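Here's the structure we're looking at; comments come further down.
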């Protein structure tokens, strides 16, 4: 019988084991993917890296589409990157069709080796003073996890590694770790642990960004937000002039910089005032997003957006199976380069949080896998986020979203 590997993403991810490892040596086969020299070197050609970013965005918007389809009128906030990093740590220990499916889902078109390498590169390029990433590996003291797999995850994803009994004290320790690494925004990620679970891989991403231009008191007004429920909600609006306009055939938006010169807030407002924002995002593809991003041009924008905060949580196994990652979650799972024990992923779960205020933005996600204001007033474009809209926190260097969400309601 296959053992369970438990995990959470804020995302929480549980991972299975790869084949071809030796129980006697406590090390994996020399053919284990993560032992590849190219993977360890963690370099990709610039053109190849850009190609894989676009491929990875298909995973990003595939996940978002699934959330939008199933969330009704609920506000959504997810971190595709948190999910990705937790899965990447698990994929390093996968083999055969399990590995093929994981790589093919997360970075379509990439070889298994390049898919793992892209994950390491992407992890390294994201972090700065505004955004921090933390990883941890919690190993059931009764399990037999290969030491070289553990070392790979430690060395390439800076993971904290803890061997422990999977009991109530471990639950407290894991939740405490997540709370600390997300500045308290995600106070807990799990309720209990199954003693049969062998390994938990957890990723936590925390973003604390300050606006590049400070909102002065006269730029803050009270008003009404027209929610997706058809109700009117009192809210506080932030009014400013912005300079970066984006649009495609179905929506317009703006990009507002944080003061670290790397990350920005992108707002997306459908042209159709009657469309439900989650239904709209359920139809947005990666190509639609890149059309929007590539349309960026300098304009004079008068922008109004509400202060808001959202929390969201979701299990992701069904989503990942629908996207093609099927073997990892059942008896066909091959994670033999993690442990001598047969293992499969039993849980993939994410909690996320965002708060947008006059000061800036705070956002966090955890994933677990068990296994100036001055401007010319001529030709001003007005973008009033007084009805449901979508948003992203975007890495300006790559254009990729780190967080994605929708606002149906500001309450």
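The values are calculated or read from the model by the stated rules, or taken from the named source; none is laboratory data. Remember, it's a predicted structure, so these values are computed and weren't measured experimentally. Every residue, glycine among them, receives a Cβ derived from its backbone with ideal geometry; neighbour counts consider all protein chains shown.
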TODO: Return yes when residue 234 is in the same structural domain as residue 281 (by TED's automatic domain parsing), surrounded by fewer than 16 Cβ atoms within 10 Å (Cβ to Cβ) and modelled with pLDDT under 95 and no when it is not.
DONE: no
Open item on the list: Testing residue 156 on (1) under 26 Å from residue 128 (Cα atoms); (2) surrounded by fewer than 21 Cβ atoms within 10 Å (Cβ to Cβ), one condition comes back false. Which one is that?
Closed with: (2)
- [ ] Can you work out which of the residues in segment 207-227 that are loosely packed, with under 14 Cβ neighbours inside 10 Å and outside any strand (DSSP E or B) is farthest from the chain's Cα centre (by Cα)?
- [x] 218
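Specify which of the listed residues (113, 151, 169) is modelled with pLDDT of 95 or more, assigned to a helix (DSSP H, G or I), assigned by TED's automatic domain parsing to the domain that holds residue 60 and surrounded by fewer than 18 Cβ atoms within 10 Å (Cβ to Cβ). Write out each step before concluding.
Details: 113 fails: modelled with pLDDT of 95 or more; 151 fails: modelled with pLDDT of 95 or more.
Going through 113, 151, 169 in turn, just one is modelled with pLDDT of 95 or more, assigned to a helix (DSSP H, G or I), assigned by TED's automatic domain parsing to the domain that holds residue 60 and surrounded by fewer than 18 Cβ atoms within 10 Å (Cβ to Cβ): 169.
Given 203, 248, 239, which one is touching a helix residue (DSSP H, G or I) at 6+ places or on another chain (Cβ under 9 Å) and closer than 13 Å to residue 358 by Cβ?
239
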- [ ] Report the residue count in segment 63-93 for those that are modelled with pLDDT of 95 or more, closer than 16 Å to residue 406 by Cβ and in a helix (DSSP H, G or I).
- [x] 8
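In segment 195-206, which residue that is part of a loop (DSSP other than H, G, I, E, B) and in contact with a strand residue (DSSP E or B) (Cβ under 6 Å, 6 or more places away or on another chain) is surrounded by the fewest Cβ atoms within 10 Å (Cβ to Cβ)?
Residues of segment 195-206 that are part of a loop (DSSP other than H, G, I, E, B), as a first pass: 195-196, 198.
Cutting the leftovers down to in contact with a strand residue (DSSP E or B) (Cβ under 6 Å, 6 or more places away or on another chain) gives us 196, 198.
Working: 196: 18, 198: 31.
Residue satisfying both the conditions and the ranking: 196.
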Open item on the list: Tell me whether segment 120-135 contains one or more residues that are at pLDDT below 95, touching a strand residue (DSSP E or B) at 6+ places or on another chain (Cβ under 9 Å) and within 30 Å of residue 168 (Cα to Cα).
Closed with: no
Open item on the list: What's the number of the only condition in (1) under 17 Å from the mean Cα position of the chain (by Cα); (2) surrounded by 21 or more Cβ atoms within 10 Å (Cβ to Cβ); (3) within 27 Å of residue 275 (Cα to Cα) that residue 318 fails to meet?
Closed with: (2)
